[in-house]
1. Would you please list the contacts, defined by Cβ atoms under 6 Å and residues six or more apart or on different chains, that run from a residue in the stretch E:136-151 that is touching a residue at least 12 places away in the same chain (Cβ under 8 Å) and farther than 20 Å from A:ALA193 by Cα to a residue that is open to solvent by 60 Å² or more (accessible area, probe 1.4 Å) and outside any helix (DSSP H, G or I)?
2. Yes or no: C:ARG116 modelled with pLDDT of 95 or more, more than 16 Å from ligand 2 (Cβ to nearest atom), more than 13 Å from chain A (Cβ to nearest Cβ) and open to solvent by less than 40 Å² (accessible area, probe 1.4 Å)?
3. Is it fair to say B:ILE218 is of a type in the set (A, V, I, L, M), at the interface with chain A (Cβ under 8 Å from one of its Cβ atoms) and in contact (Cβ under 8 Å) with a residue 40 or more places away in the chain?
4. Every residue in the stretch C:136-159 that is open to solvent by 10 Å² or more (accessible area, probe 1.4 Å), out of contact with any helix residue (DSSP H, G or I) (no Cβ under 7 Å at 6 or more places or on another chain) and under 16 Å from C:MET171 (Cα atoms), please.
5. Go through the stretch A:32-112 and tell me which helices (runs of 4 or more DSSP H), entirely inside it, have 1 or more residues that are more than 21 Å from the chain's Cα centre (by Cα).
6. Kindly indicate which of D:HIS91, D:HIS85 is within 13 Å of chain B (Cβ to nearest Cβ), more than 16 Å from ligand 3 (Cβ to nearest atom), farther than 26 Å from D:MET179 by Cβ and part of a loop (DSSP other than H, G, I, E, B).
7. So which of C:PRO155, C:PRO68, C:PRO90 ends up being touching a strand residue (DSSP E or B) at 6+ places or on another chain (Cβ under 8 Å) and farther than 26 Å from D:PRO169 by Cβ?
8. Just to be sure I understand, how many residues within the stretch D:187-218 are away from chain C (no Cβ under 13 Å), under 21 Å from D:HIS85 (Cα atoms) and within 15 Å of ligand 4 (Cβ to nearest atom)?
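The values are calculated or read from the model by the stated rules, or taken from the named source; none is laboratory data. Given the structure is predicted, the values throughout are model-derived calculations rather than measurements. Don't worry about glycine lacking a Cβ; one is built from the backbone with ideal geometry, like all the others, and counts go over all protein chains shown. The area values use the complete protein model at the heavy-atom level, side chains included, leaving out ligands, DNA and RNA. Shrake-Rupley method; radii C 1.70, N 1.55, O 1.52, S 1.80 Å.
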Amino acid sequence: MALDWSIFCADTIERQVQANCLGFGRDQTYLGWLIEAWGQTVLVAVLSLCVALVIGTVIGVLRTLPNNVHGHPSRLARLANVWVEFFRNIPLLVQVILWYHVVPVVFPVFADTPKLLLVVMGLGFFTSSRIAEQVRTGIQALPRGQRYAGMALGFSTWQTYRYVLLPMAFRIIVPPLTSESMNIFKNSSVAFAVSITELTFFAQQAGEETSRGIEVYLAVTLLYVISAFAINRIMAAIEKRVRVPGFVASTGGGH
Amino acid sequence: MMVLDFSFFTWDVFRSYVLGGLWFSLALTVIATLGGIFFGTLLALMRLSGIKSLEMVAAVYVNGMRSIPLLMVLLWFFLLVPLVTGHPIGAEGSAVITFIAFEAAYFSEIMRAGIQSIPRGQVFAGYAMGMSYAQNMKFVILPQAFRNMLPVLMTQTIILFQDTSLVYIITAHDLLHGFTVAGNNLSHPREAYILAALLYFVICYSLSNAVKRLQQKIAIIR
Amino acid sequence: MIEIKEVSKWYGPVQVLNHCSVSINKGDVVVVCGPSGSGKSTLIKTVNALEPFQQGEIFVDGVPLHDPKTNLPKLRSRVGMVFQHFELFPHLSVTENLTIAQVKVLGRSLDEAKARGLKMLDRVGLMAHKDKFPGQLSGGQQQRVAIARALSMDPIVMLFDEPTSALDPEMVGEVLDVMVNLAKEGMTMMVVTHEMGFARKVASRVIFIDVGGRILEDCSKDDFFGNLEARQPRTKDFLNKILAH
Amino acid sequence: MIEIKEVSKWYGPVQVLNHCSVSINKGDVVVVCGPSGSGKSTLIKTVNALEPFQQGEIFVDGVPLHDPKTNLPKLRSRVGMVFQHFELFPHLSVTENLTIAQVKVLGRSLDEAKARGLKMLDRVGLMAHKDKFPGQLSGGQQQRVAIARALSMDPIVMLFDEPTSALDPEMVGEVLDVMVNLAKEGMTMMVVTHEMGFARKVASRVIFIDVGGRILEDCSKDDFFGNLEARQPRTKDFLNKILAH
Amino acid sequence: QANDTLAKIKSSGKVVMGVRESSPPLSYTLGDGKYTGYHVELCQNILKSIAPGAAVEYTPVTSANRIPLVQNGTVDIECGSTTNNATRQKDVSFALTTYVTEVRTAVKSTSKIKSIADLEGKTVATTTGTTSVALLRKHKRGADIKFTEVYGKDHADSFLLLESGRADAFVMDDNLLAGLIAGSKNPKDFVIVGETLNVEPIAIMVRKDDPAFKKAVDDYIRAAIKSGELNKLYTKWFLSPIPPKNTSVNLAMGSVLAGLMKNPSDAPAEEFNK
Ligand SMILES: Nc1ncnc2c1ncn2[C@@H]1O[C@H](COP(=O)(O)OP(=O)(O)OP(=O)(O)O)[C@@H](O)[C@H]1O
Ligand SMILES: Nc1ncnc2c1ncn2[C@@H]1O[C@H](COP(=O)(O)OP(=O)(O)OP(=O)(O)O)[C@@H](O)[C@H]1O
Ligand SMILES: [Mg+2]
Ligand SMILES: [Mg+2]
């Protein structure tokens, strides 16, 4: 089957191939639309990632607070548990639909929230529960002695996290955070279900309009792969930058 | 504030709209988990085989799959593969194939981590007793890797179950789809979405609690 | 200086400390030994309020630990502690390890903290390594940095929890040397260790804890090693085992 | 029985064995010691073909290891090996640990394997624990099971890599006792250890490796311990360090 | 690729009908795997006649995937609400037009919107993968009005946007609008307004390059028009109460379709909007 890429240079109204493939100043071409859709994907993903990182860190830290004298989790820790259980046990698609179609109607405070923000909350909160798990795992992967050492030097609980536990925990969880950041890009594709004109929406609509499904899907897939690769490289650069000289993460291996 | 009205959701509605979808979602989850673990383990063994070409193939497959949204993979299999091969696959069939192919990439990473988490000493110990590579894998490494990774494997299965909701894009009849149709036909779409969320939550929460208990049990045996 | 009175502690249903009483005076070097799991680490951690306990009282320099009104971080900053696995902060250089708590907890200026920290680093003989990271040092060196870190907080007492048991045999000596010197200079110390050579050399008292967290012996080192017959059967058994090979 | 001839090995650019030659005869008990990272573990692993080497030759019972045609699994099954961290298979019961290789590698029947395995288990004094899992045993017990596991393959030689260094001090004795008995019964043994008491008791020869993987000493135990002045400076230094406290 | 659908049906003993989930009254589900509607019933009749005895298998399709599915052979005959246009004719074939829809605008009864011109500054909903998306774009440029589009993943979703006030108007085929309104909680809350944006012939869709199959379908339709069967079907689905709620869509046959009843044709939409 021969591929015909000229469709990307066609404008989206008359379907005439334009000399200027990006369609500057004229009617938008499919290439222009594709790039715009990519922009939407990046926007949704990056905003959601910010939300997820901030909330995920807070929730993850709360879940590692030491038990009280009676050996029970503190109230904050229990609240954080509820957050994680709630947001990770409902499919992302359902959460996004709820945010978009149900929340603004049931809770009038959200009635005028921009739709992009609703999607970002859906995707961000969902991912925050998973990042919270990773932050918790990262903190718990540190030797218990590290916390004791911080406390023994007179650090308060907050200082122990700030100066001792979190710096190492974040370094340890860079690999899972990388895949979570890549996930958030991929998961942003469900946003199309609620009217965000991102890449998957483009694939569906443009594929249908032009009947050049293969080309459209190939281009969109390629952009997803490029996005994932970019995230991967960025995180690798971060990992390299924060690498601690001489520190080898214990792999549990013996001699 | 809108008043929600759940009274439309009777046993009859559940049976005629939702039950079939629930069944499909569960079946898809089980089949994709088993298939995914099988092919995932093969991929993991390829990546750890030390044979450059095998490692390459497996790495490209796994990394490629992991950087494309499931939705796109579903669309690829559903729309385009039949177009290229000339053999149609229905919605249900392509859902099964896609999920196995997609999840194999994820399960392979889990199994790879599992195999690598086995202390090198264990590997040496197996060889030191005269076991061959295959025997060492079969009797020493894989049983431990599976056991260590069981909680993670099950967690991935829960995620997989949630991901089955994405088959709406190829109009397969899954759990969410059942609720959506019921909601549209009976004019209570919002309530139907809420009920869907509730049912997903109950299922996934119970499963993840089961995983937690299992994890504690394994921790004791170790 | 330290007063432990009838302290008991449980993990769930399991009792790990059983009516423990110890009193340590200024300049004492108290060695604590006992079988694995007997509660030695737990006991020494309660002294620093790192582990809560359910019954009894502990006073450090007259301050009651068990009182909810006590400012625990402040109290802990006056007690130095050295751990089995060193617990240097791997993401900070040696100098930063030495200064961070001085600056953030004691409120010293960075210059002051550095002067103090490097002085202690010199004392443990590692001045040359001040800009390295913990991962670039051998175990013995890390442990000596950990001791310097604790000392730079000017503690009134030093607690050691098996400071040499995670070390390669050749490095045990360098750490023990530092500790022997410290003891000779009059530092008040409580040391959990199996190194009976160290105990023989500098201990003023030896405490033996049995599994279940009961203190079986609390006597001078001369009594402990010199008069084996007067010891409890469990103690004799233990000493035989660890001195056998 | 074992002939190591001019073996050299590199990890990337780093040389870890440097022209090592050792020959071990039937009934010999050879103790290998040296500082951390000197290549002791590497040397003992090459004997069992668990680590490849780039130069030199090794013969085990006359069979050349370095020959690509040698059936390594078969050869390994005739050499018993005991590791620092025991390396029992945690998912198998003690009895299964003892029998699995006998059945799968030597092709013995399960009954035969059980009889042999339990006999060895009895020999290390752990018959009562035959149905437990490794995780339910103490470190010392696990190491004794590991010895029984190796013995039940009827090895012609036993290799030990720091068999007691991961143990709590009280458990070192029970493992060393088993090893002493084994030596006295005439088993050919190559033992990496820092337990000089053990070496004094049963070693026929002592080998000292320095960092970089060069063998500095290879002499009888009486020479090694009795004639300290004739030793190399590095050896004296090392001995002083580990015997000091 | 099996280009002989009739032979394929005969050999496999089954025929796959593409249907829609929520395109009432043309094609929609009653749950439990049951599908019904004007086109579904028509197709059932067609298949009974041209492929007697073959088991009918229903495959739900969406606006976005129906054409690839017919192309790739998953679906043998699509009985939904597909517009016959020139672009699509490159990929698939259409039977004789059996319904003509006019693309119009649904709004709330309380809304002041009366025509396209009133959409200035408003939010307009439509469904991903339909011709209305491109149509809206065209009008936006032609009339130089500015409005925001939102896209539902299916018609029900788009309607939900209108119902919840997240969109001020919903541009879609009038029959679909009427069907959705009829099925809504309060049908009186919505009206269809404004000029016709486009006239679109709706037809049953079959594979391209299979003239025998298309002819069989066309012949049946021609006969059904003559015998009055089609008219009866129209009355049943557009003018009488229909399941599941037993309300009526109430959409009388327009002049274009009436014309086509006299003069059956499979011309694409472009012919109607010259
Ligand atoms: N967080 C905990 N939860 C439950 N039990 C614990 C916990 N920490 C310690 N224990 C138990 O308390 C007992 C005393 O532990 P502790 O670490 O004080 O012993 P120890 O004498 O220092 O032993 P070792 O020589 O092995 O360091 C042990 O039986 C241990 O299993
Ligand atoms: N897989 C490996 N890759 C690279 N270097 C290695 C590897 N294994 C060991 N080495 C290096 O080889 C040298 C010898 O290691 P080996 O484990 O044989 O020492 P050892 O004498 O047994 O030390 P220890 O007393 O700590 O067990 C060390 O410097 C070590 O860092
Ligand atoms: Mg301890
Ligand atoms: Mg070693």
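1. So the pair list comes out as E:ILE145/E:GLU120; E:PHE147/E:LYS122.
2. no
3. no
4. Answer for the stretch C:136-159, where residues must be open to solvent by 10 Å² or more (accessible area, probe 1.4 Å), out of contact with any helix residue (DSSP H, G or I) (no Cβ under 7 Å at 6 or more places or on another chain) and under 16 Å from C:MET171 (Cα atoms): just C:GLN136.
5. Because the criterion is at least 1 residues that are more than 21 Å from the chain's Cα centre (by Cα), the helices (runs of 4 or more DSSP H) in the stretch A:32-112 that meet it are A:75-88, A:103-106.
6. After ruling out the rest, the residue left standing is D:HIS91.
7. From the options C:PRO155, C:PRO68, C:PRO90, the qualifying one is C:PRO155.
8. Looking only at that region, the number is 2.
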